[in-house]
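Asks: Dropping the structure in here first, questions after.
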There are 2 protein chains.
Amino acid sequence: MGETFPMKGGDSEYSYTKNSNYQKLASDAVKDEIKEAVIGSLDAEPRSTKVAIADLGCSVGPNTFFTVQNLIEAVQKKWPSETLLEFQVFFNDHLGNDFNTLFSSLPPERQYHAAAVPGSFHGRLFPRSSITVAHSSYALQWLSKQPQGVHNEGRIHYSGAGTDVVKAYSDQYEKDLSCFMSARAEEIVKGGVLVLVVPGTPDGISQSDHPVGVMFNYLGYSLMELANEGVVDKDKIDKFNLPIYAPVMGEMKRVIENNGCFSIEKMELTDPRSKVDGPIDVAKLIMHMRAGMEGVFSAHFGDSVVDKMFAKISDKAQEMSHFIESGYSKSTQLLVVLKRK
Amino acid sequence: MGETFPMKGGDSEYSYTKNSNYQKLASDAVKDEIKEAVIGSLDAEPRSTKVAIADLGCSVGPNTFFTVQNLIEAVQKKWPSETLLEFQVFFNDHLGNDFNTLFSSLPPERQYHAAAVPGSFHGRLFPRSSITVAHSSYALQWLSKQPQGVHNEGRIHYSGAGTDVVKAYSDQYEKDLSCFMSARAEEIVKGGVLVLVVPGTPDGISQSDHPVGVMFNYLGYSLMELANEGVVDKDKIDKFNLPIYAPVMGEMKRVIENNGCFSIEKMELTDPRSKVDGPIDVAKLIMHMRAGMEGVFSAHFGDSVVDKMFAKISDKAQEMSHFIESGYSKSTQLLVVLKRK
C-alpha cells in the first residue's frame, strides 16, 4: 500500500471542487477525441444490457461527472440499437478521498447508477471482466510512493536534478504503471477500452525541463528560502521527493507492451491549453496546484510550513508567468486509448 | 424523493459507529438462520465468477461488515467448488450517510471488492439483474416520509394513537415497501435472494402497543414536558410523526405477494434479545436511539430542543426499564427471506 494524498475535500476556498477548472479545460481539450476513440475502439458486444464505466482517480468532482457523461455518450453512439442499456458508473479514488462531497455533487439528472470504490488503482478494484470502459485523467502521474534512495540536494523533484534522480523517478513510475496495467487487464472485459490522460514529456525536451517542473522548481526555491530563514530544515527538503512524474511516450509504450494484454489504439501528445482563452492566470494555477498537492506537502513539512511556502510562491506569480506561458504552449498532455485484447 | 435522516456519522461519543451494539446483537440473533436460509434458497447458478452482494441501509458500520461477511460465507458454502468466486459488495444508504467513515472502517483483511451506492432504496440503485444477494437490516422501518394528513395530538408516533393515525402509518408503509420490492425485483438475478430484518409487531399485541413504542411514547412525554415549560410549541409536536413503522407479518406478506416476483422462503418473528446477556442497559439504549434518530428530530425541532429531550428521557431511564424489559422479551424482530422467481 503506497502513500495516499487525496485532493483537498469539502467545498471551501482551497478545495479541489473549487480549484480544478484548469484540469477541466485540459480534459475538454481531448473530449471529442476520446469520444471518437471509444466509439472506434470499443469491441465488447454487450453481453447483457449493463455497461460498467470506471473513472480511476476521480477526486471529488465536478470534472469526473463531465468525463463520465462523455464516455456514456460515446457508448450510446456505438450501440444505438441497445435502447435498454443501463450504465453503472464506478467512481474510484483513494480511501481518504472525500466521497461525501463527491456524492453530494452528483448530477441529479444523471442517467446512470452511481457507485464509489475506495482504494489504490495500483491494485485490484473490481471483479474480473466486469468493466466495459475505464478512464483515468490526471491521476497516474502520482507515484505510489516517493522515489527512494536518491540524494536530491536543494530540490523537491527530478526537474533540473541529476540523472540518478530522474532514473529513480522513472523506475518507480514504470513499477507503478505496470501494477496499474496488470490490475486493469484483469478487470476490463475483452474488447473493452482503457483511456488514459496524463501529463507527458515531449521527446524533444529534456525530461528534467518539463513545464510543470517550473512550478515544482519554484516550490523548491520557496522552501529553500524558508530554510534560509530557519523555518524549515534544509535536510528535510533534501529528503522530500514530490511523487509526481510525467513520462515520455516511449516509457508508457514499453510498460503497456510488456503487459501484453492491450492493443494501443491511440497514443499522442496533445495541447492541454487548446481550450484556454488568453493567458494563464498564475495565481489561479497556484490555487489549483495547492488543492491538488497540499496533502503531500503537509504530511512531510506540516501545515504551517505549507502555508508559508504557498505565500512565498504567490509572491513569485509575476516572475513565473513567462516560464509557465512558454511551458504550457507545448503539447504536454499524453492521450492513450487502449483496447483489451 | 423522500426525507432522509442518516445515522449519526463520524466516530464521536454520539455517533452510530459507537452506538450500534444492540443492533449488532439483534443481527447476531438471526445470523445463523440467515446463513442457512441463504444456503438453502440461493438458486442462481453463478453465470460468471462474480457474486454481487448489496447491504441496503448499511449506515456507517461496523454492523454492516459482520452482515456482509456472513452472507459471503453462506455463498461460499453454497458454491464450494467455485474457487475463483469474486465478491463485489455494494454498501447502500442515503446520499447524506457518512460514507467517508464507512470507508475508513472497512476491514483491511476483507476478501471482497467494496463499493458504496448512495440513494434511497425506495427506488432503483443497481442495473437490472445485477445483484445475487441483497440484504437489509433495521432500515425498512424508516418510512420515506412522515404519514400525512392525520392529527396526532400530544403524540409523535402511532403508538397509543387512534386508528386513523395507525392507518396513515400503515398506508405509507405499504406504499414504501411496494416501491422497495419493485426496485429489488428488477435488480436481483433470477434465483437470487433478498433477506430482510425489520422490527415487527406480533399478531397478538395491538400494533399501537409495540414495545419500541414504549421508547417513542417516552420521547413524546419528554417533548410535552418541554412544551409545558414553554421550550417548544405543542402545535409543533402534534404536527410531527416519527416516520418509523413496525409491520405485522400479514402486511409484509400482502405487499410481497402483490409484487409477485419473489417466493417467500422464510418469514418469522424472532427474538432480538436472544444474544443479549442480562438486563437491557436503558441508558445505553437511549444513546443508541439517539445515534439512529437524532437527525429526524433535529430537522423538525432544532438541536437545542433535541438535547433537552434526550436529557429528559435519560432522567426517566429507571422508570422505563420495566416496560422496556417486558417489551423486549417478545419476538419483535421479523426475519424474511425471499427468492427471486
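Asks: Do any residues of segment A:112-160 lose at least 40 Å² of accessible area when the full set of protein chains is present rather than just their chain alone, and if so which, with a 1.4 Å probe?
Replies: When all protein chains are present, A:His113, A:Pro118, A:Pro127, A:Arg128 each give up 40 Å² or more of accessible surface.
Asks: Running Debye on chain B with equal point scatterers at the Cα sites and no solvent, what base-10 log of I(q)/I(0) appears at q = 0.06, 0.14 Å⁻¹?
Replies: Rounded to two decimals, the profile gives -0.20, -1.15.
Asks: Rounding to the nearest 10 and keeping the result within 0 to 90°, find how far the Cα-based axis of helix A:163-187 lies from the longest principal axis of chain A.
Replies: Helix A:163-187 and the main axis of chain A meet at about 20 degrees.
Asks: Looking at the square roots a ≥ b ≥ c of the eigenvalues of the Cα gyration tensor of the protein assembly as shown, which shape do they give, rounded for a/c under 1.5, prolate if a/b is larger than b/c, or oblate? Can you show the working numbers first?
Replies: Details: a/c = 2.38, a/b = 1.66, b/c = 1.43.
Prolate shape, in that a/c is at least 1.5 and a/b is the bigger ratio.
Asks: Below 8 Å between Cα atoms, with a sequence gap of 6+, how large is the relative contact order for chain A in percent?
Replies: Numbers: 631 pairs, mean separation 83.7, N = 341.
Answer for chain A is 25 percent.
Asks: Once the label point is placed 7 Å from Cα along Cβ, list for B:Pro80 the distances to the corresponding points in the other copies, in nm, shortest first.
Replies: Computed spacing set for this position: 5.4 nm.
Asks: While we're looking at this one, here's another question. Using packing as a proxy for protection, rank A:148-157, B:85-94, B:238-247 so that the peptide with the highest average count of other Cβ atoms within 10 Å comes first.
Replies: Details: A:148-157: 16.7, B:85-94: 23.7, B:238-247: 21.0.
Ranked from most to least packed, the peptides come out as B:85-94, B:238-247, A:148-157.
Asks: Given A:Lys35/A:Lys253; B:Lys50/B:Lys253; B:Lys266/B:Lys341, which pairs have Cα atoms separated by over 20 Å? Kindly include the intermediate steps, with their values, before the conclusion.
Replies: On the way: A:Lys35/A:Lys253 22 Å; B:Lys50/B:Lys253 31 Å; B:Lys266/B:Lys341 15 Å.
Pairs exceeding the cut-off: A:Lys35/A:Lys253; B:Lys50/B:Lys253.
Asks: Give me, ordered by chain and number, the residues 5 or more places off A:Ala52 or on other chains with an amide H under 5 Å from its own placed amide H.
Replies: For A:Ala52, the qualifying residues are A:Gln88, A:Thr132, A:Val133.
Asks: Can I ask one more? What percent antiparallel are the DSSP beta bridges of segment B:21-340, to the nearest 5?
Replies: 40
Asks: Here is a further query. Among rounded, prolate and oblate, which fits segment B:300-341 when a ≥ b ≥ c are the square roots of the eigenvalues of its C-alpha gyration tensor, a/c under 1.5 means rounded, and a/b larger than b/c means prolate?
Replies: On the way: a/c = 7.36, a/b = 1.62, b/c = 4.53.
Oblate, since a/c reaches 1.5 and b/c is not below a/b.
Asks: Report the full-extension gain for the segment A:Ser182 to A:Asp164: residue separation times 0.36 nm, less the Cα-Cα distance, to one decimal in nm.
Replies: 3.8 nm
Asks: Do any GluC sites (Glu not before Pro) in segment A:165-239 lie in a loop, going by DSSP, with at most 16 other beta-carbon atoms within 10 Å of their beta carbon, and if so which?
Replies: Numbers: sites: A:Glu174, A:Glu186, A:Glu187, A:Glu225, A:Glu229; in loops: A:Glu229.
Those that pass, being in a loop and sparsely packed, are A:Glu229.
Asks: Quantify how strongly other chains surround peptide B:170-177 by giving the mean number of their Cβ atoms within 10 Å of each of its Cβ atoms.
Replies: Numbers: counts 0, 0, 0, 0, 0, 0, 0, 0.
For this peptide, the per-residue mean of nearby foreign Cβ atoms is 0.
Asks: Of A:Lys31/A:Lys330; B:Lys24/B:Lys239; B:Lys31/B:Lys308; A:Lys175/A:Lys236; A:Lys175/A:Lys284; A:Lys190/B:Lys77, which pairs sit farther than 28 Å apart, going by alpha carbon to alpha carbon? Could the numbers behind the result be given before it?
Replies: Details: A:Lys31/A:Lys330 18 Å; B:Lys24/B:Lys239 33 Å; B:Lys31/B:Lys308 37 Å; A:Lys175/A:Lys236 26 Å; A:Lys175/A:Lys284 33 Å; A:Lys190/B:Lys77 30 Å.
In this structure, B:Lys24/B:Lys239; B:Lys31/B:Lys308; A:Lys175/A:Lys284; A:Lys190/B:Lys77 exceed 28 Å between Cα atoms.
Asks: Enter the mean number of other protein chain beta carbons within 10 Å of the beta carbon of each residue in B:49-57, as an integer. Could the numbers behind the result be given before it?
Replies: On the way: counts 4, 5, 1, 2, 0, 0, 0, 0, 0.
Across the residues of B:49-57, the mean count of other-chain Cβ atoms within 10 Å is 1.
Asks: If you place +1 on the Cβ of every Lys and Arg, -1 on the Cβ of every Asp and Glu, and leave all else neutral, what size is the dipole of the protein assembly as shown about its Cα centre, to the nearest 20 Debye?
Replies: Numbers: 70 positive and 86 negative charges, 295 e Å.
I would put it at about 1420 debye.
Asks: With r defined as the distance between the Cβ atoms of A:Asp233 and A:Ile205 and R0 fixed at 35 Å, what FRET efficiency is calculated, to the nearest 0.05?
Replies: Values: r = 33 Å, r/R0 = 0.94.
Efficiency, from the Cβ-Cβ distance: 0.60.
Asks: Next question, about the same structure. For A:Ile264 and B:His322, what is the calculated FRET efficiency with R₀ set at 56 Å and r taken between the beta-carbons, to the nearest 0.05?
Replies: Working: r = 74 Å, r/R0 = 1.33.
So the FRET efficiency works out to roughly 0.15.
Asks: Next up: If I build a Gaussian network model for chain B, linking alpha-carbon pairs within less than 10 angstrom, which residue out of B:Val232, B:Val117, B:Val68 has the largest mean-square fluctuation?
Replies: B:Val232
Asks: May I pose another question? Rounded, prolate or oblate, given the Cα gyration tensor of segment A:253-318, with a/c below 1.5 counting as rounded?
Replies: Values: a/c = 4.55, a/b = 1.62, b/c = 2.80.
It is oblate, given that a/c is not under 1.5 and a/b is not larger than b/c.
Asks: Between segment B:213-244 and segment B:165-200, how far is it from one alpha carbon centroid to the other, in angstrom?
Replies: 29
Asks: Can you compute 3J(HN,Hα) from phi for each residue in segment A:278-294, using the Karplus curve 6.51 cos²θ - 1.76 cosθ + 1.60 with θ = phi - 60°, rounded to whole Hz and x for Gly and Pro?
Replies: x, x, 5, 8, 5, 4, 5, 4, 5, 4, 4, 5, 4, 4, x, 10, 3
Asks: Given charges of +1 on the Cβ of Lys and Arg and -1 on the Cβ of Asp and Glu, with all other atoms neutral, how large is the dipole of chain A about its Cα centre, in debye to the nearest 20?
Replies: Details: 35 positive and 43 negative charges, 164 e Å.
Dipole size: approximately 780 debye.
Asks: Of A:Pro107, A:Pro243, A:Ser81, which is farthest towards the positive pole of chain A's charge dipole, taken about the Cα centre with +1 and -1 on the beta-carbons of Lys, Arg and Asp, Glu respectively?
Replies: A:Ser81
Asks: May I pose another question? Using DSSP, restrict attention to beta bridges with both residues in the protein assembly as shown and report what percent are antiparallel, rounded to the nearest 5. Please list the in-between numbers first.
Replies: On the way: 33 of 79 bridges.
The answer is about 40 percent antiparallel.
Asks: Partner chain Cβ atoms within 10 Å, averaged over the residues of B:89-102 - can you pull that number for me?
Replies: Per residue, the average neighbour count from other chains is 3.
Asks: Taking a label point 7 Å from Cα toward Cβ, how far is A:Pro108 from its twins in the other copies, in nm, shortest first?
Replies: Those label-point separations list as 4.2 nm.
Asks: Continuing with the same structure: Taking amide hydrogens as modeled 1.01 Å from N in the peptide plane, which residues meet the under 5 Å criterion relative to B:Gln333, leaving out close sequence neighbours?
Replies: B:Gly200, B:Thr270
Asks: Could you give, in nm with one decimal, how far B:Lys239 is from each other copy of that position, shortest first, with labels 7 Å out from Cα toward Cβ?
Replies: 6.1
Asks: Please give the residues of segment A:227-269, grouped as numeric ranges, whose backbone N is less than 14 Å from a label point set 7 Å along the Cα-to-Cβ vector of A:Asp43.
Replies: Only A:261-266 pass the distance filter.
The values are calculated or read from the model by the stated rules, or taken from the named source; none is laboratory data. Just so we're clear, the structure is a prediction, and the values are computed from it rather than from any experiment. Every residue, glycine among them, receives a Cβ derived from its backbone with ideal geometry; neighbour counts consider all protein chains shown. Just the protein is used for accessible areas: all its heavy atoms, side chains included, with ligands, DNA and RNA removed. Shrake-Rupley method; radii C 1.70, N 1.55, O 1.52, S 1.80 Å.
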